[in-house]
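In what follows, a single structure is set out as structure tokens and then discussed.
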Amino acid sequence: MRHRATRRDALALGLGLAALLRAPRALAQPEEDDNAAVLAGAIALEQRAVAAYDAAGFRAGELFRDQSQEHADELIAALEELDGTPPPPPAPTDVGGVADLIELETRAVATYYDAQRTLQDARLLQTAAGIMANHAQHLVVLRQAIGENPSPDAFVTGGVVE
Amino acid sequence: MWGMRNRRDFLRIAGVTTAGGSAALLAACGDDDEGQAGGRGTDTESDRSDAAVLNAALDLEHLAVAAYTAGAGLLRGEARELGGQLLAHEREHVAGLTRAISDLGGAPNETKAAEEYARMFAGLRDQEDVLRFALDLSNTAVAAYIAALPRLASPSLRQTAVAIMSSEAQHISVLLGLLGEPQVPEAFVTGGEA
């Protein structure tokens, strides 16, 4: 079973990131606002991942939860440097199982993939890439747990097709 | 394990130790250290710079193709099956980067002669040697792509680079799993383990 995320999925999550990315560059906000908007969306996604792994009871879930929390902490610090306000943590979530976690991780990969188009700061670009690669690795373990091909794609985009 | 000096010697011969690989990418971009993505120079200058960065990455991908090809005969069972898949990925990376460099008007670097690579792989004795060599290559590639990202002026090329980098990160997890080691050791994947 393949889980393909699209920018529409990100919008459905209420991240607001997709709308930002679709905005014509001529209408884009100043650079710091772009960076802050991307960070706020990513923080919301990381917090959602933390809540999902709290609820999931997956074997490697505690490690992946802690890693997602590390991502959130790093992104919150970066956002606060830009005088931004982090989103509140989400309510506890119901997670159906590994398939739901795969979908969430795939959305995370897609979000950070899209962020490479929007982020302007060198350090943030590299931080986002390091986090994206970690979520891509989570996918390997999750897929192996249900007998799927752990690394099916040579270009890992979270299903985003340009 | 390895039955030779060490893995770094081989990567050093290839000129792609983690620091060297990153340095090669940075050198490919000149002295620009303004720390901002994009917005540098004219389109032609940016294209030339992006092509140089991608060519340094292409060298690593050529090496990875050669390594998996050379090591295939030492792999067995699941490792052989997954190794074949990772080799196919590396070939796709080569094709993607070659196409991107050509689109920029650059000249994609060619793969080295087989005998040049063969010298590097002569010390591979068994499956674990191959897996650990591949692991070091993937870590080196991740570090190189991380270094390259802020140097690429084109947002779409940054996406291409990060998509390949995340593929290499997945290779790391697959290889660590085959070696019986923790598959996701770091929250921020930087390739620094190489």
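The values are calculated or read from the model by the stated rules, or taken from the named source; none is laboratory data. Model, not experiment: these values are computed from the prediction. With ideal geometry, Cβ positions are generated from the backbone for all residues, glycine too; neighbour counts draw on all protein chains shown. Ligands, DNA and RNA are stripped out before the accessible areas are found, and what is left, the full protein with its side chains, is counted by its heavy atoms. Shrake-Rupley method; radii C 1.70, N 1.55, O 1.52, S 1.80 Å.
Remarks
- Amide H contacts under 5 Å for residue A:121: none, restricted to partners 5 or more places along the chain or on a different chain, H placed in the peptide plane at 1.01 Å from N.
- Accessible area per residue, Å², region B:87-194 with all protein chains present, probe 1.4 Å: 34 Å²
- Rounded to the nearest Hz, the phi-derived 3J(HN,Hα) couplings of region B:155-163 under the Karplus curve 6.51 cos²θ - 1.76 cosθ + 1.60 (θ = phi - 60°) are x, 5, 6, 4, 5, 4, 5, 6, 5, where x marks glycine and proline.
- Contact residues in region A:107-137 (at least 40 Å² less accessible area with all protein chains than alone, 1.4 Å probe): A:113, A:116, A:117, A:120, A:122, A:125, A:126, A:129, A:130, A:133, A:137.
- Calculated FRET efficiency, residue B:102 to residue B:156, Cβ-Cβ distance, R0 = 22 Å: about 0.90 to the nearest 0.05.
- Surface analysis of region A:82-162 yields an accessible area of 35 Å² per residue, using protein heavy atoms and a 1.4 Å probe.
- Shape class of region B:103-194 from the alpha-carbon gyration tensor: oblate, with a/c at 1.5 or above and b/c at least as large as a/b.
- Chain A against chain B buries an accessible area of about 3200 Å², both chains summed, 1.4 Å probe radius.
- Here the ratio of the Cα radius of gyration of region B:35-194 to 2.2 N^0.38 Å is 1.07.
- From the alpha carbon centroid of region B:65-130 to that of region A:114-153 is 22 Å.
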